[in-house]
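What follows is a set of notes on a single structure, which appears directly below.
The values are calculated or read from the model by the stated rules, or taken from the named source; none is laboratory data. All of these numbers come straight from a predicted model, not from anything done at the bench. No Cβ is skipped: glycine too gets one built from the backbone with ideal geometry, and neighbour counts run over all protein chains shown. For accessibility, only protein heavy atoms count, side chains too; no ligands or nucleic acids. Shrake-Rupley method; radii C 1.70, N 1.55, O 1.52, S 1.80 Å.
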Amino acid sequence: MVNKNFIRWSGLILLIAGVLYIPGIFHPPDTPEGVMYTAWIPVHASFFIHHLLLVFGLIGLYFFLADKAAFLGLIAFVMALSSNVMFPMLDMVQITLYPILAKYPATQLLINPKQAGMFGIVIVMSVVIALIGNILLGVAIIRTRVMSRWIGLLFIVGWICFFIGSGSSTLSILKPFGIVLTGVGYIWGGYVIWSTKD
């Protein structure tokens, strides 16, 4: 039996994680020039803390839904959590190593995930697993009816917009839109967990 206080406090952690995700709308372009922008390190520092907190927030969210989430909820949770565990490592690389790589023409190609070899494959796979996991998590939230179905829709639409916006230069406007929707979903879901006494 999971302690109810742990679940409740994880809701507050999920809420804070959602707030820390919103500054991602100021993310500079994923180019050597973008890495040198002033906003690069603060945005990724916010992402780093967000992803660390989100680990605990997702655990609490799953147990909040667990009685009604069934197998779909478990699969969604495992996929969302496992991919999210990889992101803090990526954030640290982007904070510490990317600014160095961006300075030298010989290493600038390593910043582009499409040209970064195995490291790039790990990044892309992590994002794909996160996409599927969070879409399924959104579906589980809608199906369980333990919290508002709009929270589930925010997860689904937010992650789809983020994924499309990240992979398409012509639709890049969808990326910050997706970040805001997902962040609001985390904030709202976290508040529901935190404010539920029983």
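Under the simplified labelling scheme, the Val128-Ala45 pair shows an inter-label distance of 3.4 nm, with each label point 7 Å from Cα along Cα→Cβ. Using C-alpha pairs below 8 Å separated by at least 6 residues, the relative contact order for the chain is 30 percent. Compared with the dominant Cα axis of the chain, that is its longest principal axis, helix 149-167 is turned about 10°.
Expressed as an acute angle from 0 to 90° and rounded to the nearest 10, what is the orientation of the C-alpha long axis of helix 4-21 relative to the principal long axis of the chain? The two axes meet at around 30 degrees. Under Stokes-Einstein, with the Kirkwood radius over Cα pairs as Rh, the value for the chain at 25 °C and 0.890 mPa s is 144 µm²/s.
Between 0 and 90 degrees, the angle of helix 40-96 with respect to the longest Cα principal axis of the chain falls at about 30 degrees. Simple point charges give the picture: +1 on the Cβ of Lys and Arg, -1 on the Cβ of Asp and Glu, and for segment 38-169 a dipole about the Cα centre of about 220 debye. What shape does segment 1-98 take by its C-alpha gyration tensor, where a ≥ b ≥ c are the square roots of the eigenvalues and a/c under 1.5 counts as rounded, a/b above b/c as prolate, and the rest as oblate? It is prolate, given that a/c is not under 1.5 and a/b is the larger ratio. Taking 0.36 nm per residue of separation and subtracting the current Cα-Cα distance, fully stretching the chain between Ile75 and Thr31 would add 12.4 nm. Considering only Leu20, Met36, Ser169, and ranking their Cα positions along the charge dipole of the chain that arises from unit charges at the beta-carbon of Lys, Arg, Asp and Glu, the one farthest toward the positive end is Leu20. Split the accessible area of the chain by element, probe 1.4 Å, and carbon with sulfur accounts for 74%.
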